[in-house]
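The values are calculated or read from the model by the stated rules, or taken from the named source; none is laboratory data. These numbers come from a predicted model, not from an experiment. For neighbour counting, all protein chains shown are included, and Cβ atoms are generated from backbone atoms with ideal geometry for every residue, glycine included. Areas reflect the complete protein model, heavy atoms only, side chains present, ligands, DNA and RNA absent. Shrake-Rupley method; radii C 1.70, N 1.55, O 1.52, S 1.80 Å.
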Amino acid sequence: MSSVTNPVLISVQRPQISALFLLPKRVSTSTSYGLLKSRTVLQHEATNSSLSFSPLVKGLRLRERRFPVVAALAADADDSEIGITKGSVQSSKSFGEKFPALVTGFFFFMWYFLNVIFNILNKKVYNYFPYPYFVSVVHLLVGVVYCLISWGVGLPKRAPMNKELLLLLTPVAFCHALGHVMSNVSFAAVAVSFTHTIKALEPFFNASASQFVLGQHIPLSLWLSLTPVVLGVSMASLTELSFNWTGFISAMISNIAFTYRSLYSKKAMTGMDSTNVYAYISVIALAFCIPPAILIEGPQLMEFGFKNAIAKVGLIKFLSDLFWIGMFYHLYNQLATNTLERVAPLTHAVGNVLKRVFVIGFSIVVFGNTISTQTGIGTAIAIAGVAVYSLIKANMEEQKRKAAAALAS
């Protein structure tokens, strides 16, 4: 047989070859040859066969053959790719598969970074545009537009929605909208650090709802771990220089709303991926936020709200600030959701506590907030209590998961 000097490309349709060949999942080869294994195929006339590798061959019997490999890309039975480069077969893993810890660290970094930037920029906007209901609408509106564009280009592919899913997600979205708006009312009324200190009470409300609404038994160790949280928030509130009842009550309502959002989320397990779920929740929550913004702040905005903001910072600055706080809000929430999928509950619990520490610390530095010694000590005690609670709860969830896995096996 004469040598072939030019490479030949052979295109074989997958459905045709799958009925005749059994490709091994792992390909073993030397450095310069790819070993193609196949089942023996009886002689076929070239005119009757569905496979025709060469017009010169009328009948053929395929046996184990060795073919020189220059550069190719093969797919195994599960459609995962195997790279063949310079004659050696190499598994073509993605960057995330090769370096999972690095990718997870990047997710945490971006979650923290976007959250800190959002809180700082959001508070700066409230310093010259104190309309939290309208700003809450902007947050969600920018996120919804982002989701619609992402769906339009297929990143991600939009999951189908029906009446049943809509009914499941609507209570979650309502609680999300209420918690979001009340958080912004608090951010506009008091220091960012104080709002986050109050929001450290959220685990207390979660435990209370689980015990008294769902009827779940909460161990004594969890209740004891919440004691320093309540004590710390109380200490911080008594001497907080920026304290007012609007900011305090709004943050507390936000805690309650997010607690019920968590409860409804457990009932609304749709099987949909987290990106699509959050996108749909944002769309529905936006519909809930628009009416109160129009009723409560609409007349003021039309009369002097927009004019005063533009006079202070200019139209371009005002619009760009609104756009970026909306974008940062959506992205940090999306990153938080994606990070949850990558780590164990214990890791996420620790990460969530550290995130709050980062936000409080950076907000104090950036805005130069003066805090009393008692407020600082109270904040530290509250955060420490949240950390202990989160660790205990995460360990309990992990033990439940292992027990369920053991029973299933």
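Give 259, 246 a once-over and let me know the one that is open to solvent by 10 Å² or more (accessible area, probe 1.4 Å) and of a type in the set (S, T, N, Q). Of 259, 246, the one residue that is open to solvent by 10 Å² or more (accessible area, probe 1.4 Å) and of a type in the set (S, T, N, Q) is 246. For the stretch 271-294, check the following and say yes or no: at least one residue is over 30 Å from the mean Cα position of the chain (by Cα), closer than 22 Å to residue 138 by Cα and among the aliphatic types (A, V, I, L, M). The answer is yes, given that some residue of the stretch 271-294 is over 30 Å from the mean Cα position of the chain (by Cα), closer than 22 Å to residue 138 by Cα and among the aliphatic types (A, V, I, L, M). With a requirement of 2 or more residues that are over 27 Å from residue 378 (Cα atoms), the helices (runs of 4 or more DSSP H) lying completely within the stretch 133-230 that satisfy it span 163-189. If you go through the stretch 231-243 and keep only what is open to solvent by 40 Å² or more (accessible area, probe 1.4 Å), in a helix (DSSP H, G or I) and modelled with pLDDT under 85, you end up with just 238.
Just one of (1) out of contact with any helix residue (DSSP H, G or I) (no Cβ under 6 Å at 6 or more places or on another chain); (2) in contact (Cβ under 8 Å) with a residue 40 or more places away in the chain; (3) open to solvent by less than 70 Å² (accessible area, probe 1.4 Å) fails for residue 355. It is (1). Kindly establish whether residue 118 is in a helix (DSSP H, G or I), open to solvent by less than 20 Å² (accessible area, probe 1.4 Å), in contact (Cβ under 8 Å) with a residue 60 or more places away in the chain and not polar (S, T, N, Q). For residue 118, the condition - in a helix (DSSP H, G or I), open to solvent by less than 20 Å² (accessible area, probe 1.4 Å), in contact (Cβ under 8 Å) with a residue 60 or more places away in the chain and not polar (S, T, N, Q) - is met. Here is the figure for the stretch 376-409: residues that are open to solvent by 70 Å² or more (accessible area, probe 1.4 Å) and small (Gly, Ala, Ser) total 2.
Check the stretch 272-287 and report whether any residue there is in a helix (DSSP H, G or I), open to solvent by 40 Å² or more (accessible area, probe 1.4 Å), at negative phi and of a type in the set (A, V, I, L, M). Yes - at least one qualifying residue is present in the stretch 272-287. Do we have any residue at all in the stretch 249-259 that's in contact (Cβ under 8 Å) with a residue 24 or more places away in the chain and among the aromatic types (Phe, Trp, Tyr)? Yes, the conditions are met somewhere in the stretch 249-259.
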